[in-house]
Amino acid sequence: MEKGNKIYEGKAKILYDTDNADLIIQEFKDDATAFDATKKGTIKGKGVINNEISCAIFQLLESKGIPTHFVKKLSNRDMLVKRLKIVMVEVTIRNIAAGGLSKLLGIEEGIILKTPVLEYHYKDDLLHDPLINDYHIEILKLATPQEMKKIKDYSFSVNQIMKDFFDKANLKLVDFKLEFGTHKGKMLLGDEISPDTCRLWDKITNEKLDKDRFRRDLGRIEEAYQEVLKRIKT
Ligand code: 5GP
């Protein structure tokens, strides 16, 4: 499958048309941004690693009955996916307090949450992806209540599957972000699932093995991404 015209270039990925109108190619870049793209950098080899991790997780989720946009891995950095009409809502699921939740509610980072917490954020860079609820989604017409029910159910299922998966790799799934979209009327999980979009901590030491190493200048960033890949492969 050949790359056609560039459709969109985002912070971490580039999307290309293909000769099939239903399919596009997402190419994973080494570029990294944080804090509304005010912090920019490069994480050498990140694109290759995130493509491989995302492919593995999408395949796992598909095998457990979660419909995703994943079709196949094309090369080191390229993934063939179904074209989606993106729902402009980011779904966050949290198992352990960190990042935005600690800031919002003053809960100390590392506190295990009694129940997984689901949040919606409006995908709008100019508004800084604000926290929203079902009522906001309805008035903004971002998705129907039926679509949001599906998104919510899939998200909690993904959390359970991924928690078990990372636990076997001696990693704690602290939190993660998902994006969804429709393809021929069907709701599918899209985007990527990687250390860019998940917080992953070592099960014993709580060492951060995710994008927080870049966000917080913790060093050994490349090594952390490589470590996650190594652990999920063994
Ligand atoms: P927080 O809201 O605490 O900043 O993020 C919660 C989780 O979602 C983290 O695992 C974080 O990596 C992910 N996340 C939230 N928003 C974004 C985003 O815009 N880009 C990326 N790559 N990850 C995000």
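For this structure, a couple of remarks:
- Label-to-label distance, nm, for residues given as residue 44 and residue 168 (7 Å Cα→Cβ offset): 3.3 nm
- Among the protein heavy atoms of the chain, carbon and sulfur supply 52% of the accessible surface, probe 1.4 Å, non-protein parts ignored.
- Counting only heavy atoms of the protein chains and using a 1.4 Å probe, residue 148 has close to 10 Å² of accessible surface.
- The phi-based Karplus calculation (6.51 cos²θ - 1.76 cosθ + 1.60; θ = phi - 60°) puts the 3J(HN,Hα) values of the stretch 117-126 at 9, 9, 10, 10, 10, 6, 6, 8, 4, 5 Hz, whole numbers, x for Gly and Pro.
- The C-alpha radius of gyration of the chain, expressed as a fraction of 2.2 N^0.38 Å, stands at 0.97.
- If the chain linking residue 144 and residue 117 were pulled fully straight, counting 0.36 nm for each residue of separation and taking away their Cα-Cα distance, it would gain 7.6 nm.
- The chain - charge dipole about Cα centre, Lys and Arg +1 at Cβ, Asp and Glu -1, debye rounded to 20: 380 debye
- Taking 0.36 nm per residue of separation and subtracting the Cα-Cα distance, full extension of the segment from residue 17 to residue 230 would add 73.5 nm.
- Taking Lys and Arg as +1 and Asp and Glu as -1, the other residues whose beta-carbon sits under 9 Å from that of residue 70 total +2.
- Extended-chain gain in nm, criterion 0.36 nm per residue less alpha-carbon gap, residue 202 and residue 223: 6.2 nm
- Farthest positive-ward along the chain dipole, Cα basis, beta-carbon charges - from 58, 151, 101: 58
- Separation of alpha-carbon centers, the stretch 100-122 and the stretch 141-156, rounded to whole Å: 20 Å
The values are calculated or read from the model by the stated rules, or taken from the named source; none is laboratory data. Owing to the predicted nature of the structure, the values given are computational and were not obtained by experimental measurement. Methodologically, a virtual Cβ is constructed for each residue, glycine included, from the backbone with ideal geometry; neighbour enumeration extends over all protein chains shown. The accessibility values were calculated without ligands, DNA or RNA, using every heavy atom of the protein model including side chains. Shrake-Rupley method; radii C 1.70, N 1.55, O 1.52, S 1.80 Å.
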